[in-house]
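**Student:** The structure follows.
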Amino acid sequence: MQIKYTLPGLKGYKRLERIYYNSLMISEEAKRRKKILEFWEKYGLAATTEAFGVSRRTLFRWKKSFNNADGDIKALNPKSRRPKRVRESKVPIEVIKEIKRLR
C-alpha cells in the first residue's frame, strides 16, 4: 500500500507512513499470541496451557519465532497452511475430454 500524496514541511512523514503500513500487517491472531506469551512469562506454563488451551510445543515455537525476529510482532502472524506440494492430476486432458463426451 503506497500513499500517493505527500505533506511538504512535515518532518518524519515517511517514518509515520511506514509505521502506519506496518500496523496494518499485524493480525488479530498475532496480537492474541503476543498476549499469550506475556501471560506465560508472568504466570508460568501450567496456567497458560490451562487458560488458553495451547500446547507447550506451540508456546516454544511462538517464542522462538518471536525472538528470532528481534521482538517483531509480525513474526507471530499465522503462516499459510497450504501444502507445499499440491497433488496434480496425471490423467491426460484428452482422456478427460473423451470421458465428458461419452457421458
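The values are calculated or read from the model by the stated rules, or taken from the named source; none is laboratory data. Nothing here was measured: the structure is a model prediction, and the numbers come from that model. Keep in mind that these areas ignore ligands, DNA and RNA; they rest on the heavy atoms of the full protein, side chains included. Shrake-Rupley method; radii C 1.70, N 1.55, O 1.52, S 1.80 Å.
**Student:** Find the accessible area per residue for segment 28-78; the probe is 1.4 Å, ligands and nucleic acids are left out, and the unit is Å².
**Tutor:** Here the per-residue accessible area is 68 Å².
**Student:** Can I ask one more? Express the carbon and sulfur contribution to the solvent-accessible surface of segment 28-78 as a percent, rounded to the nearest whole number, probe 1.4 angstrom.
**Tutor:** Here it works out to 49 percent.
**Student:** Turning to a different aspect of this structure: Taking only the alpha carbons of segment 28-103, what extent do you get along each of the three principal axes, in Å, biggest first?
**Tutor:** Per principal axis, max minus min of the Cα coordinates gives 67, 28, 20 Å.
**Student:** For Lys35, give me every one of the lysines with a C-alpha distance below 23 angstrom, ignoring sequence neighbours fewer than eight places off in its own chain.
**Tutor:** Candidates past the 8-residue exclusion: Lys63, Lys64, Lys74, Lys79.
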